[in-house]
Structures are given as C-alpha cells and as structure tokens.
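The values are calculated or read from the model by the stated rules, or taken from the named source; none is laboratory data. The structure presented is a predicted model; accordingly, all values stated were derived computationally and were not measured. Don't worry about glycine lacking a Cβ; one is built from the backbone with ideal geometry, like all the others, and counts go over all protein chains shown.
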Amino acid sequence: MDKILNSFIDSLVEQKKLQFSIDEITIDPTLVENGTLKIENGQVFISDYMTISSAFIERYKQKFNFSISSSFEKNAKFINNIEQDFNSKGFISDYLTLSNEIWKAMIKESNKNHGCSFSQYITAIDRDNTPEGFYEFIEAYAALLPELNLSVDEIVDNFLILEEITKSEMEYNVDLGLVLNGIRNLSKIEYDKGLQILQKSLDLDNKKDVLTSAVVTGMYENKGTAFYTSVLKKMISEGENLNPIFFGLSKVSELSDKDSELFLDLIKEYGDDKNLTIAVLSLVFSVLKSKHTIHHQFCFEKLKSAVEDEATAYYILRNLDLKGVYHKEQTEIVLKLINQDYFSTDKYIPAIAQSVRRFKDLEYFRQIILSIINFSPFNLFIKKFHTFIYNVDKIEIDRLMIELLTDNAASRRFTGIEIFQELSRPTPYKFTLDILTLAPISQYKLWMALTGDFHQPKDRLTALLPLLNSESELVRESFLCKLEEISEDYGGQVLEVLEENLEVDKPPHNNAIERIKKYIRDFYDKHTNSKNALSEFDPYNTHFKYIKKFNDLFHKNMGRSIDQGAREDSFLSVLGASTVQLSKGGGYRFGTKKEIAQLSSFGTSFTMPRSYFIDPNEYELEIGMLIRQDWNDEEFEKIIKTLENE
C-alpha cells in the first residue's frame, strides 16, 4: 500500500496538481476503494487529505534533505518551502486544504517526537510582521490542542502570547477564537487538566476572562451540574469572577432540563446586579436557544425589560437572530427598542437588520420599518436590510413597496422609493406583482411617486410601463402626459425606454411611442434647436467650471477615503491595503503566487435634467418640496370621482 501511495505522491509533486482528469494519470483502484481518492465526472479528487499529507511531507523531506527537529521555526520554514515549490507554476486549487493537513502533521510530529512546545516559535513572532503561514499554524494548533503533549503552564503561556499577537479591535477575533475553542475542547476531554488551567487562569496577575470562560464551558460540557456543584457553586457564592463564569456557562451546547433550571435560578438571583447585566443576559439567550420551550416566554420577558437599558441594547440585538422561530417576540423587542429615548438609526439599524435577516413573514418587517420611519423620517436606512429584501417573496415585497409608495405620508413614500432603488441595482426593477390588478387610484399614485425625483428615466419608467395597458383611461392618459413632461428634461432617453420595453406591433404601444416622438420633436424644435448655435445657452459652457470642480473634489475625496481606510483598523487594513505608485502600463498582483494583472479603468455617468441647467436652485427647491410634501385625500377627490365614473 505504501508503494502505491508513494507512486501517487510522486505524480502530484512532478505534475504539481491535486486534481486530474482520468486520462492524465493512472490510478491504482486500491486508493479509490480505501477512500483516499474519488472519481467524479471524469475527474480524480483527493478525499483523505490527512493520509496524503503524511506521505507528501515524507516525499519533500527526501527532496529537500530535511529532518524535522525541536525547532519549530525551522519546521515552519520547511512547510513554506514546500508551498513555494509545489505552487511554483501558479497557485494550485485545493492546496489550502492540503496545507492545513500538512501543518497539523508537522505540529503533531514536532510535539510527539521532538518535545516541541511551540513557545519559542510563537515568542519570536513580530505581531506587525507575522511570517507567512503563521495563521495556518494557529488554526492547526488550536484544532490539535486536545491531542498535544503540553503542560498546563505551556498551554496558558502560549495562549497569552497568541492573544497579544492576534490582538484586534474588530468585534470578533477569529484567530483567538480558534485557540479558545481548542482550550474548551481540551477541558471537555481532560477534566483534570481543565481544572488546572482554570486555577491558573484565576491566579494570573492580569486575569484573562476569555480564558476562564473557555475552560468553564469545556468542563461543564464534561461533568455538567456535577462540575457546578463541586467547583462553580463555591466560586459563585464568593462573588468573584462571576462575569467569566456566566459567559462560560452560556456557551454550553445542548442544555438539559436540569441545566436550564440551574441557569434560570442564576438569572433570577443575579438579574438585578448592574455589574452582571450582560453576563446574565448571555444565560438568558442560552436558555432561549435551547429546546426547552417551557422557559422561553420567561426569557423574552427578561429581554423586553432589559432593552430599556441602553447598556444592553446592542448586545440583545446582536444575539436576537433565533434561526427561524419566535419572529413575533423578536419584533416586539425590536419595536420596544426603537421607541426608547436612546435609539439612533446610525448606531442600531445595522444590528436590527442582522437580527431580522431570517424573517419570512413580511408583516414583522413592515412593523419595524414603519416604526423607524416614525422615529426618523426621511432617513436612508433600507440598504442595511438588503439581505432580507433580496430573500423574501418578491410579490410580498412588491406589495409592501407599493403600499409605501402610494401612502399620503411623504416619509413613507421616501422609504418606498429607497426600497425600489435598492432593488433596481444593477438593472432597472420590474414589479413581479401585476400592478394592473391595483385599484386605479393606486395606479395613479404609483406613477406620481416614482416620477417625482429621479436621475435616469430607465431606472423608474421601466417598472411603470404596464400602466399604458391600464383599464382606466385616466391612468393611461395621465401617465402619457407625465412621459411627455419627463421627455422635456431627458429627451430621447424616454423614447429609448419605450422602444426597448414595449411591443411595437401592438397599436396602443406603437401609438404611445409615436406620440412621445412627436412631442419631443415639437418641443425641441420650439425651445432648444434655435439656441444650439449660441454657446451662452449651452450648459456645457455655462456650467463647465461647476462640473470640473465637482469632478476634482470627487477624486480628491475618494483618494483621501481610500488612504484613510488603509491606515486605520478597518477592513481595508485587514486586506493590507496600501498606496503604491505605478508607472503607466503597470500592473499588480495580490501575492507571490498570483499572476500579474494589468490595471484597467472604469467609470460611470448619469444624465442631468434640462431643467436643472436652467435654474439649479429652483430645480432643487421644487424637488425637495415634492419629496417632503404630504398628500391629502382632498387633493385626489376629483381624480377618484372621475375614476368612479369611467
């Protein structure tokens, strides 16, 4: 078997590939039968990367004449040399999976056969200049922690160093989380060692609550309430380290009835202690996410009460995503939070959007956005809910959007337009709901709302074109008159929308196109063509300095934003963003394994309406009033009466 496997490894190293078509390589059937390889759709894939990794390392030991030693710095360099050699022709698909197993195999052998504790390796790491592969080491080390022969002191010392190296101001530290999960698993498997780590974590001069919590979680998952009775009960009664203990208990998986009862007793006893508010809420969520539904209403009442305190609001929202259940109770909590004096859209809407992203019933979403509109009218916030909007039933979201767009309250129409614009990216939106089934007055209000303020005719008009087939003559004629009015500002762009979306072989559609053509021709003959020869009437001459100034300021501000993002603790900085001067025709690549990609340019443009160039101030004033002006029923009395008499 070893000979068969080694022969396959030789093929991998020689061809520098991890996937093959069946005619590229000869495969011994034994490797498929024992699960090392699999064949699908004429392709050979690796199934057992653990087995492959051990033989792969042995092959490279021979190639590089290398021997694993107690110096893990040298062993890590050997792993990086393997990667550079194997990926010398370009980065190989699936190599990351193999690489993870290589790190695990090297860590195991270094620890088992050479007594390596890894302390010297990680102590030498410069957090501002971590070596290649270091975070792969963390992932593999954390996964193997329960299997490694390390003393309690070595485990804790390594944790303290890794905590410092991976320190980040981001909300969740993924790399440190992996290490803590490894310590949790170790404590779950080896109770006695977990007890020693717990004691050492409590004896540290600079206590590490996250370490204490991880150990508490693992040990409770091992012994359950017996661990609480023998160890935690006394610690809790002494009133020390309650926050890390409660947080640790809250992470316990698969609560039993007895566990839930215990957690409820702790919630009731310590729920009023302001110093333990968030820790107690973590226990509330732990019970709430368990299968013991008898206690869930009690938990929701605790959350409704707690949300009155601003200190708890963000934590509650971040944990309120309950995976498809209790949407009614979640909505009640969110609505109560929105009505608190401390609520602000900038601070809390992203967390609200995260908490409702699994909702399927649009009614709860409707209640939330209406509450936000009442609290902060004319505020752009819908983009934060894009995950929900794009995953809910399209007809239902159309109904909600049309309800908002045809409402008399300008603030609701404003949000309806924002939803419409969000759904219009990257292509013009078309209603899934048949808008011809709406009441005629709703059809009339719909075109009024969507034609009040826009920058590109196709973005709004495409969705409204079915109104040309309305059974109401008033709706059809009024909409056509509005198209004529819009064509005064946008000319042929209106005609393009009609010609691209209407069926010209249908007389009503063809008549509409011809009518708009004639109107544009007559209007521009009368108002613009005679002025074309006069540069004083050409907006590109009269307003050029404003257009140029905007363009210069835009590029300047965009450059400053990118530069600032690259220097701060942001997503750009995580990606390693930096400013690099390139000569003309230069290119870039994201890593040494990537091909050089030539830079290319991109851009966008939009058409400004003719009316804007006539009097920009008056135009913006009129649009601003149009957007923020409420409608009233009296305005539509004559329209409704006419519709009723049709």
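Quick look at the numbers
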{"item": "Residue satisfying all of: in segment 107-131; among the polar types (S, T, N, Q) and under 35 Å from the mean Cα position of the chain (by Cα); surrounded by the most Cβ atoms within 10 Å (Cβ to Cβ) among these", "result": "Thr130"}
{"item": "Phe375 being within 20 Å of the chain's Cα centre (by Cα), modelled with pLDDT of 90 or more and among the aromatic types (Phe, Trp, Tyr)", "result": "no"}
{"item": "Top-ranked residue in segment 90-106 [being of a type in the set (Ser, Thr, Tyr) and farther than 16 Å from Tyr141 by Cα; ranked as surrounded by the fewest Cβ atoms within 10 Å (Cβ to Cβ)]", "result": "Ser93"}
{"item": "Matching residues, segment 456-501, being under 26 Å from Glu644 (Cβ atoms) and of a type in the set (Lys, Arg)", "result": "Arg476, Lys482"}
{"item": "Filter pass, Leu380 being part of a loop (DSSP other than H, G, I, E, B), surrounded by fewer than 19 Cβ atoms within 10 Å (Cβ to Cβ), at negative phi and free of Cβ contacts under 8 Å to residues at least 60 places away in the same chain", "result": "yes"}
{"item": "All positions within segment 177-233 that are of a type in the set (D, E, K, R) and either under 22 Å from Val280 (Cα atoms) or touching a residue at least 24 places away in the same chain (Cβ under 8 Å) (or both)", "result": "Arg184, Lys188, Glu190, Lys193, Lys200, Lys207, Lys208, Asp209, Glu221, Lys223, Lys233"}
{"item": "Residue within segment 67-89 that is assigned to a loop (DSSP other than H, G, I, E, B), at pLDDT 90 or above and either surrounded by 21 or more Cβ atoms within 10 Å (Cβ to Cβ) or aliphatic (A, V, I, L, M) (or both) present", "result": "yes"}
{"item": "One residue from Leu283, Leu232, Leu264 being at pLDDT 95 or above, more than 18 Å from Thr212 (Cβ to Cβ) and not hydroxyl-bearing (Ser, Thr, Tyr)", "result": "Leu264"}
{"item": "Selected residue (criterion: surrounded by the most Cβ atoms within 10 Å (Cβ to Cβ)) from residues of segment 284-294 that are within 17 Å of His327 (Cα to Cα) and of a type outside the set (Val, Ile, Thr)", "result": "Leu288"}
{"item": "Criterion (farther than 28 Å from Ser70 by Cβ and among the charged types (D, E, K, R)) met by exactly one of Lys200, Lys193, Lys234", "result": "Lys234"}
{"item": "Count of segment 421-432 residues which are over 21 Å from the mean Cα position of the chain (by Cα) and either surrounded by fewer than 18 Cβ atoms within 10 Å (Cβ to Cβ) or in contact (Cβ under 8 Å) with a residue 40 or more places away in the chain (or both)", "result": "3"}
{"item": "Selected residue (criterion: nearest to Ser371 (Cα to Cα)) from residues of segment 338-353 that are assigned to a helix (DSSP H, G or I) and out of contact with any Leu (no Cβ under 7 Å at 6 or more places or on another chain)", "result": "Ile338"}
{"item": "Unmet criterion (only one of (1) farther than 22 Å from Asn339 by Cβ; (2) surrounded by 14 or more Cβ atoms within 10 Å (Cβ to Cβ); (3) not polar (S, T, N, Q)) for Leu281", "result": "(1)"}
{"item": "Any hit, segment 185-194, residues being at pLDDT 95 or above, outside any helix (DSSP H, G or I) and farther than 22 Å from Thr123 by Cα", "result": "yes"}
{"item": "Selected residue [over 26 Å from Asn173 (Cα atoms) and in a helix (DSSP H, G or I)] from Ala226, Ala214", "result": "Ala226"}
{"item": "Residue that is farthest from Pro244 (Cα to Cα) [pool: residues in segment 268-297 that are part of a helix (DSSP H, G or I) and among the small types (Gly, Ala, Ser)]", "result": "Ser286"}
{"item": "Selected residue (criterion: nearest to the chain's Cα centre (by Cα)) from residues of segment 249-278 that are surrounded by fewer than 19 Cβ atoms within 10 Å (Cβ to Cβ) and closer than 17 Å to Ile333 by Cβ", "result": "Ile278"}
{"item": "Those helices (runs of 4 or more DSSP H) lying entirely in segment 539-646 with at least 2 residues hydrophobic (A, V, I, L, M, F, W, C), under 30 Å from Glu83 (Cα atoms) and modelled with pLDDT under 65", "result": "571-574"}
{"item": "Condition broken by Asn222, with the remaining ones in (1) more than 25 Å from Asp157 (Cβ to Cβ); (2) in contact with a helix residue (DSSP H, G or I) (Cβ under 7 Å, 6 or more places away or on another chain) satisfied", "result": "(1)"}
{"item": "Checking Leu162 against (1) of a type in the set (A, V, I, L, M); (2) touching a residue at least 40 places away in the same chain (Cβ under 8 Å); (3) loosely packed, with under 14 Cβ neighbours inside 10 Å, the condition it does not meet", "result": "(3)"}
{"item": "From the options Ile39, Ile46, Ile57, residue that is among the β-branched types (Val, Ile, Thr) and surrounded by fewer than 19 Cβ atoms within 10 Å (Cβ to Cβ)", "result": "Ile39"}
{"item": "Filter pass, Glu164 being modelled with pLDDT under 95 and either in contact with a strand residue (DSSP E or B) (Cβ under 7 Å, 6 or more places away or on another chain) or not polar (S, T, N, Q) (or both)", "result": "yes"}
{"item": "Flag for His386 being in contact (Cβ under 8 Å) with a residue 12 or more places away in the chain, on the phi < 0 side of the Ramachandran plot, surrounded by fewer than 19 Cβ atoms within 10 Å (Cβ to Cβ) and not in a helix (DSSP H, G or I)", "result": "no"}
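Yes or no, residue by residue, for (1) surrounded by fewer than 16 Cβ atoms within 10 Å (Cβ to Cβ); (2) within 18 Å of Ser282 (Cα to Cα); (3) out of contact with any helix residue (DSSP H, G or I) (no Cβ under 8 Å at 6 or more places or on another chain):
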| position | (1), (2), (3) |
| --- | --- |
| Asp309 | yes, yes, no |
| Ala313 | no, yes, no |
| Leu320 | no, yes, no |
| Lys328 | yes, no, no |
| Ile333 | no, yes, no |
| Asn339 | yes, no, no |
| Tyr342 | yes, no, no |
| Arg366 | no, no, no |
| Phe375 | yes, no, no |
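Yes or no, residue by residue, for (1) aliphatic (A, V, I, L, M); (2) modelled with pLDDT under 95:
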site: Ile419; (1), (2): yes, no
site: Leu436; (1), (2): yes, no
site: Lys445; (1), (2): no, no
site: Gln456; (1), (2): no, yes
site: Phe479; (1), (2): no, no
site: Glu485; (1), (2): no, yes
site: Val494; (1), (2): yes, yes
site: Asn501; (1), (2): no, yes
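Each row is one residue, and each column tells you yes or no for (1) touching a residue at least 60 places away in the same chain (Cβ under 8 Å); (2) touching a strand residue (DSSP E or B) at 6+ places or on another chain (Cβ under 6 Å); (3) loosely packed, with under 12 Cβ neighbours inside 10 Å; (4) under 19 Å from Tyr612 (Cβ atoms).
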position: Leu468; (1), (2), (3), (4): no, no, no, no
position: Phe479; (1), (2), (3), (4): no, no, no, no
position: Glu488; (1), (2), (3), (4): yes, no, no, yes
position: Gly492; (1), (2), (3), (4): no, no, no, yes
position: Glu499; (1), (2), (3), (4): no, no, no, no
position: Ile516; (1), (2), (3), (4): no, no, no, no
